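Step one of this worksheet: look at the structure below.
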Amino acid sequence: MNPDELNLIQASKVYAVANTPLFVVRKLQEDPSVQTLGRESSGEDILRFLEVVTRARPENPVEAVTPYALLVALWFKPEARYLHDAARIPAPFHPWYSYIADALISTFSPIKHQAITVPGQLSNPSISPASATPTRSIKFSA
């Protein structure tokens, strides 16, 4: 997903009525569009877009929430360096920017996805003492 394709209509509605930056963060973390951006875009692309949008004065709620959405998208990356780089970007027209960046850095937890294949085979059906329904158990071999 390209950052330009980010759909922030719902997020802008949340931002318009938010009274705390952490409320905005929580709602953006739940936003599927922001999650997808974090998963599918490179950290470098998000940072480049963030540098552009933080320079301009927002003219509508979508433009106002965009830097915060991009910060949250970086929070979904497996490395904290993107958030640290983003925290150094000046955002004079976005009053919650530094606070949100610091909050995301302090709550960041590295995520690593790894598929683990365990060799095993299904054994004969067995009956659990709690149920009369036959179940299948898995035997693991080394």
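Since every read-out is calculated from the coordinates, none of them should be taken as a lab result. In this text the structure is predicted, and so the values were computed from the model without any measurement. Note that each Cβ is placed from the backbone with ideal geometry, even for glycine, and that neighbours are counted across all protein chains shown.
A few comments on the model shown:
- Region 8-31 and region 53-107: distance between their alpha carbon centers, rounded to Å: 13
- Normalised by the number of residues in region 3-107, the mean separation of alpha-carbon contacts (under 8 Å, six or more apart) gives a relative contact order of 31 percent.
- Added length on full extension, which subtracts the Cα-Cα distance from 0.36 nm per residue, Glu63 to Val17: 15.1 nm
- Estimated inter-spin distance, Ser109 and Ala80, nm [label 7 Å along Cα→Cβ]: 1.4
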